[in-house]
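**Q** I have a structure I would like to understand better, so I am pasting it below and will then ask my questions one at a time.
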Amino acid sequence: AKSAGGNRFELADPEADARAITRHGLTTALPTALDRGEFFIEYQPLVHLGDGSVRGAEALVRWLHPQHGVLGPDRFIPLAEHTGLIVPLGRWVLEQSVRQARDWRDRHAEAGPLRINVNLSPCQLTHPGLVQDTVEILEGAGVDPDALCLEVTESALIGADDDLLKPLRRLAEMGVDIALDDFGTGYSNLANLRRLPVSVLKLDRSFTQSMQQFPADPVDLKIVEGIVSLAHSLNLAVTVEGVETGAQAEQLRILGCDTAQGWYYARPGPPERLHELALVDATG
Ligand code: C2E
Ligand code: CA
Ligand code: CA
Ligand code: CA
């Protein structure tokens, strides 16, 4: 930015500089990070709002960077999308998560099947190998397609044409669930929902935040109530994210939401943690 009065330029914001340098460093280190085994996955439980049982988990990727420590996905997923690494990285996440689902299944049949939710980036959606990779990963692990849910953001599907929807339709026909992630932030035409091969709406965290007060703002309640009733009339299940308090959970349950996810139940954690939670749950 120009300083007032002169032709002199102000010194750049040192923090912005540091961020740019880090971004550059991360972009350089990213392609080899997968081979070096620096990524790992945490799992956050998905809880049934009616009876509190653990039904599955969302896989959330992290990068254990040798210098910067653990980095959250917001720091590197955009870079991975930009560099194309998201395709092999996304495939790796899917493979690990599906193996994890098999492991949970084998270790506690009594708890009922745990389902696994995996995020798909828009670049993976347009990648021609998506359906085949997914089929191979499921078959390779001996996991039923019903145990998998792929999460696609609402914004990735806004205005989606048939070419983009075709692979998702194929996966849905096989029994894989498709969830519309961050729902309510993308201004999509609600009538449009009918043509999308989705079976789950994941209500964005902003709706959960508006349930902080008890009772919540009547207009917010009406909005969520409307979304839930529309979703259910289209045979879609509703999952809510970012549940941090019991009051939020209770209001969302009363509004008819089906499943919840958030710190109130558990933070994302290692796979053994989910195993324990589900086990406690099954044995009372
Ligand atoms: P998302 O799919 O909306 O995931 C939910 C995010 O909310 C996660 O952040 C989770 O840790 C956080 N969260 C869960 N419960 C609470 C809560 O009660 N309160 C608050 N404030 N936050 C909560 P995280 O792990 O940092 O992931 C951020 C985003 O990165 C994800 O948002 C998803 O879009 C993306 N992401 C994560 N893993 C992958 C991946 O394997 N592939 C792709 N393409 N994207 C991924
Ligand atoms: Ca998600
Ligand atoms: Ca299914
Ligand atoms: Ca989300």
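Here, each number is a calculation from the coordinates, and none is a lab measurement. Predicted model only: the values in this text are computed from it and were never measured. All Cβ positions, even for glycine, are placed from backbone atoms using ideal geometry, and neighbour counts span all protein chains on display.
**Q** Put +1 on the Cβ of each Lys and Arg and -1 on the Cβ of each Asp and Glu in the range 51-143; which of Gly140, Thr126, Leu64 then has its Cα farthest toward the positive end of the dipole?
**A** Leu64
**Q** Tell me, what does the Kirkwood hydrodynamic radius of the chain come to in angstroms if you use every pair of distinct C-alpha atoms?
**A** After inverting the mean inverse Cα-Cα distance, the result is 20.4 Å.
**Q** Assign unit charges at the C-beta atoms only (+1 for Lys and Arg, -1 for Asp and Glu), then state the dipole size of the chain relative to its Cα centre in Debye, rounded to the nearest 20.
**A** 360
**Q** Still on this structure, please answer the following. Do you know the relative contact order of the chain, to the nearest whole percent, from alpha carbon pairs under 8 angstrom that are 6+ apart?
**A** Once divided by the residue count of the chain, the mean separation gives 19 percent.
**Q** When the helices in the chain are scored as -39500 (n - 2.57) per DSSP H run of 4 or longer and the sum is shared across all residues, what 222 nm value do you end up with, to the nearest 500 deg cm²/dmol?
**A** After summing the helix terms and dividing by the residues of the chain, the value is -14000 deg cm²/dmol.
**Q** For Val238, enumerate residues with amide H under 5 Å from its amide H, sequence gap 5+ or separate chain, H modeled in the peptide plane.
**A** So Val238 has HN proximity to Leu201, Asp258, Thr259.
**Q** Using amide H atoms built 1.01 Å from N in the peptide plane, name the residues 5+ places from Arg55, or on other chains, whose amide H lies under 5 Å from its own.
**A** Leu46, Val47, His48
**Q** Something else: Report the gain in length on full extension from Leu234 to Ser206: 0.36 nm times residue separation, minus Cα-Cα distance, nm rounded to one decimal.
**A** The span from Leu234 to Ser206 would gain 7.8 nm if fully extended.
**Q** Compute the FRET efficiency between Phe40 and Asp17 as 1/(1 + (r/R0)^6), taking r as their Cβ-Cβ distance and R0 = 30 Å, and round to the nearest 0.05.
**A** My answer for the efficiency is 0.50.
**Q** Quick one: 3J(HN,Hα) in Hz for the range 59-75, Karplus 6.51/-1.76/1.60 with θ = phi - 60°, rounded, Gly and Pro as x.
**A** Rounded to whole hertz, the list is 7, 10, 7, 10, 10, 8, 7, x, 9, 9, x, 6, 10, x, x, 4, 7.
**Q** So, in nm, how far is label Trp92 from label Trp263 when the simple model puts each one 7 Å beyond its Cα toward the Cβ?
**A** Result: 2.9 nm between the two label points.
**Q** Here is a further query. Picking from Leu49, Leu221, Leu120, which is most flexible by a Gaussian network model of the chain using Cα springs under 10 Å?
**A** Answer for the Gaussian network model of the chain: Leu221.
**Q** Can I ask one more? Which ³J(HN,Hα) values, rounded to whole Hz and listed in residue order, are derived for the range 123-139 from phi using the Karplus coefficients 6.51, -1.76 and 1.60 in 6.51 cos²θ - 1.76 cosθ + 1.60 with θ = phi - 60°, glycine and proline given as x?
**A** Taking θ as phi minus 60°, the curve returns 5, 6, 4, 8, 6, x, x, 4, 5, 5, 4, 5, 4, 4, 5, 5, 5 Hz for the range 123-139.
**Q** Would you look at the GNM of the chain, springs on alpha carbons closer than 10 Å, and say which of Val93, Val219, Val152 moves the most?
**A** In the Gaussian network model the winner is Val219.
**Q** What number comes out for the charge environment of Gly52, summing +1 per Lys or Arg and -1 per Asp or Glu over other residues with Cβ under 14 Å away?
**A** Net local charge, Gly52 excluded: -2.
**Q** Ordered by packing density, taken as the mean number of other Cβ atoms within 10 Å over each peptide's residues, highest first, how do 256-262, 207-213 rank?
**A** Numbers: 256-262: 22.1, 207-213: 18.4.
Result, highest mean first: 256-262, 207-213.
**Q** Starting with the fewest neighbours, write out Glu81, Glu250, Glu173 ranked by other beta-carbon atoms found within 10 Å of each beta-carbon.
**A** With the sparsest Cβ surroundings first, the list reads Glu173, Glu250, Glu81.
**Q** Mind giving me the nanometre distance, one decimal, between the label points for Thr32 and Phe214, set 7 Å out from Cα along Cα→Cβ?
**A** 5.4
**Q** How would you classify the range 149-284 from its alpha-carbon gyration tensor, with a ≥ b ≥ c the square roots of the eigenvalues: rounded for a/c under 1.5, else prolate if a/b is greater than b/c, otherwise oblate? Don't jump to the answer; show the numbers that get you there.
**A** Working: a/c = 2.12, a/b = 1.22, b/c = 1.74.
Oblate.
**Q** With the crude spin-label approximation of a point 7 Å out along Cα→Cβ, what separation in nm comes out for Glu276 versus Asn192?
**A** About 4.3 nm separates the two model spin labels.
**Q** Continuing with this model, one more query. Mind running the shape call on the range 22-181? Use the C-alpha gyration tensor, a ≥ b ≥ c as the square roots of the eigenvalues: rounded below 1.5 for a/c, prolate if a/b tops b/c, oblate otherwise.
**A** oblate
**Q** I need the shape label for the range 71-151. Rule: rounded when a/c is under 1.5, else prolate if a/b > b/c, else oblate, with a, b, c from the alpha carbon gyration tensor.
**A** Prolate is the answer for the range 71-151, as a/c is 1.5 or above and a/b outweighs b/c.
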